[in-house]
Amino acid sequence: MFRTRVLGAAFGLVAGIATLATAVGASAEALKIGVTPGPHGQILEKVKPLAAKEGLDLTVLEFSDYVIPNQALAQGDLNANSFQHQPYLDNQVKDRGYELVSVAKTVIFPMGVYSKKVKSLDELPDGAKVSIPNDPTNGGRALLLLQAKGLLKVKESAGLKASPLDIAENPKKLQILELDAAQLPRSLDDVTVAVINTNFAMESGLDPNKDAIAREASESPYANVIAVRKADQDKPWVATLVKVYQSDEVKQFILDRFKGAVVPAW
């Protein structure tokens, strides 16, 4: 009789646990997060199991460019995205009227200069072809990096959105070619140097620590962010997602995995 009661109680306990687990799983909030391939996606995959413990069921969706993730977020096809720095988001909001806001800083990707033809910027010949991103903020960022390395000067009034039209001094008569950011690694066969965002460099097999012949300082205004629709910014899931992303465990993962090529921004 005692054995029957124990087994019955145990069965009831197991059934209760199973019911509770089912209820918890059913109540998990499903979220779609847009990223670009490479580090952004890898970091979010690390975030996923941590978020699950907090009741968030994340689906990470990769996009191959910088345009669609904001379109998809604004249209409600995504709940959040994690792929862009603050100046790029600001520019998208201004130019396209998106009701999007940043809710947390994530990482900084120091931009790099890469080449298959020279081993140092000192070897850059007059008239060299230099490819840079064709979007306003990343293109301006690339020009400011070239300026920091003494290759050219841009008008101070241009700020972070400098374009080739804002080049005030170009003593080497560099030919600046504007290309889609994702295509820059492929341009290395056709140009002398390319200024490439770290995520696209790493996706193409380049190692920013070993292959870049020059790099941006890690202290920059280009911290990447998590963006959401303005209407969602105060929802509980946003605070939970930020807490998990900015956890010590994720920070250590970034430091261990990317070894300085990607830097935590919080």
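The values are calculated or read from the model by the stated rules, or taken from the named source; none is laboratory data. Since this is a predicted model, take the numbers as computed values, not measurements. Positions of Cβ are backbone-derived with ideal geometry, glycine not excepted, and every protein chain shown enters the neighbour counts. Calculation scope for accessible area: heavy atoms of the full protein, side chains included, ligands and nucleic acids excluded. Shrake-Rupley method; radii C 1.70, N 1.55, O 1.52, S 1.80 Å.
If you check Pro171 against the conditions, is it at pLDDT 95 or above and part of a helix (DSSP H, G or I)? Even if it seems obvious, please write down each step before you answer.
Numbers: at pLDDT 95 or above: yes; part of a helix (DSSP H, G or I): no.
So Pro171 fails the test.
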Are there any pairs, at least 6 apart or on different chains, whose C-beta atoms fall under 7 Å, with the first in the range 180-191 and in contact (Cβ under 8 Å) with a residue 12 or more places away in the chain and the second assigned to a helix (DSSP H, G or I) and open to solvent by less than 80 Å² (accessible area, probe 1.4 Å), and if so, which? Ala181/Asn138; Ala181/Phe200; Ala182/Phe200; Leu184/Phe200; Pro185/Phe200; Pro185/Ala201
Looking at Lys129, Lys105, Lys119, can you tell me which residue is among the charged types (D, E, K, R), at pLDDT 95 or above and closer than 24 Å to Ser163 by Cα? Lys129
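Does Ile132 satisfy the criteria of being touching a helix residue (DSSP H, G or I) at 6+ places or on another chain (Cβ under 8 Å), of a type outside the set (Phe, Trp, Tyr) and open to solvent by less than 70 Å² (accessible area, probe 1.4 Å)?
Details: touching a helix residue (DSSP H, G or I) at 6+ places or on another chain (Cβ under 8 Å): yes; of a type outside the set (Phe, Trp, Tyr): yes; open to solvent by less than 70 Å² (accessible area, probe 1.4 Å): yes.
Criteria met by Ile132.
Got at least one residue in the range 197-207 being assigned to a loop (DSSP other than H, G, I, E, B), within 15 Å of the chain's Cα centre (by Cα), of a type outside the set (D, E, K, R) and surrounded by 15 or more Cβ atoms within 10 Å (Cβ to Cβ)? Steps first, answer last, please.
So the first thing to find is which residues in the range 197-207 are assigned to a loop (DSSP other than H, G, I, E, B), and the list is 197, 204-207.
Of the ones still in play, those that are also within 15 Å of the chain's Cα centre (by Cα) are 197.
From what's left, of a type outside the set (D, E, K, R): 197.
Going one step further and asking which of them are surrounded by 15 or more Cβ atoms within 10 Å (Cβ to Cβ), we end up with 197.
Checked the range 197-207: at least one residue is assigned to a loop (DSSP other than H, G, I, E, B), within 15 Å of the chain's Cα centre (by Cα), of a type outside the set (D, E, K, R) and surrounded by 15 or more Cβ atoms within 10 Å (Cβ to Cβ).
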Being in contact with a strand residue (DSSP E or B) (Cβ under 9 Å, 6 or more places away or on another chain) and surrounded by fewer than 21 Cβ atoms within 10 Å (Cβ to Cβ): is that true of Ala181 here? no
Is there any pair with a first residue in the range 42-71 that is at pLDDT below 95 and a second that is open to solvent by less than 40 Å² (accessible area, probe 1.4 Å) and among the charged types (D, E, K, R) whose Cβ atoms are under 7 Å apart and which are 6 or more apart or on different chains, and what are they? Tyr66/Asp135
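Quick test for you: out of Gly139, Gly150, Gly159, pick the one residue that is exposed (fewer than 15 other Cβ atoms within 10 Å of the Cβ) and at pLDDT 95 or above. Reasoning before the result, please.
Details: Gly139 fails: exposed (fewer than 15 other Cβ atoms within 10 Å of the Cβ); Gly159 fails: at pLDDT 95 or above.
Being exposed (fewer than 15 other Cβ atoms within 10 Å of the Cβ) and at pLDDT 95 or above holds for just one of Gly139, Gly150, Gly159, which is Gly150.
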Taking Asp95 as the residue in question, decide whether it is under 20 Å from Asn138 (Cβ atoms), acidic (Asp, Glu) and more than 16 Å from the chain's Cα centre (by Cα). yes
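Out of all the residues in the range 14-29, is one or more in contact with a Leu (Cβ under 9 Å, 6 or more places away or on another chain), surrounded by fewer than 19 Cβ atoms within 10 Å (Cβ to Cβ) and at pLDDT 90 or above? If you could, list the steps in order and put the result at the bottom.
As a first pass, look at the range 14-29 and keep what is in contact with a Leu (Cβ under 9 Å, 6 or more places away or on another chain): 28-29.
With surrounded by fewer than 19 Cβ atoms within 10 Å (Cβ to Cβ) added as a condition, the list becomes 28-29.
Filter again for at pLDDT 90 or above, leaving 29.
So far as the range 14-29 goes, yes, one or more of its residues are in contact with a Leu (Cβ under 9 Å, 6 or more places away or on another chain), surrounded by fewer than 19 Cβ atoms within 10 Å (Cβ to Cβ) and at pLDDT 90 or above.
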Identify the single condition in (1) closer than 26 Å to Ala158 by Cα; (2) surrounded by fewer than 21 Cβ atoms within 10 Å (Cβ to Cβ) that Gly76 does not satisfy, given that it satisfies every other one. (1)
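Does the range 221-231 contain at least one residue that is among the aliphatic types (A, V, I, L, M), within 16 Å of Pro39 (Cα to Cα) and part of a helix (DSSP H, G or I)? Spell out how you get there, then give the answer.
Residues of the range 221-231 among the aliphatic types (A, V, I, L, M): 223, 225-228, 231.
Right, trim to within 16 Å of Pro39 (Cα to Cα) and you get 223, 225-226.
Filter once more, keeping what is part of a helix (DSSP H, G or I): none.
No; the residues of the range 221-231 include none that is among the aliphatic types (A, V, I, L, M), within 16 Å of Pro39 (Cα to Cα) and part of a helix (DSSP H, G or I).
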Would you be able to tell me the number of residues in the range 152-168 that are over 22 Å from Asn197 (Cβ atoms) and in a strand (DSSP E or B)? 2
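Would you mind stating whether Val118 is out of contact with any Lys or Arg (no Cβ under 6 Å at 6 or more places or on another chain), surrounded by 20 or more Cβ atoms within 10 Å (Cβ to Cβ) and β-branched (Val, Ile, Thr)?
No: the conditions fail for Val118.
Only one of Asp211, Asp248, Asp234, Asp256 is open to solvent by 20 Å² or more (accessible area, probe 1.4 Å) and touching a residue at least 24 places away in the same chain (Cβ under 8 Å); which? Show your work before the answer.
Working: Asp248 fails: touching a residue at least 24 places away in the same chain (Cβ under 8 Å); Asp234 fails: touching a residue at least 24 places away in the same chain (Cβ under 8 Å); Asp256 fails: touching a residue at least 24 places away in the same chain (Cβ under 8 Å).
Matching residue, one of Asp211, Asp248, Asp234, Asp256: Asp211.
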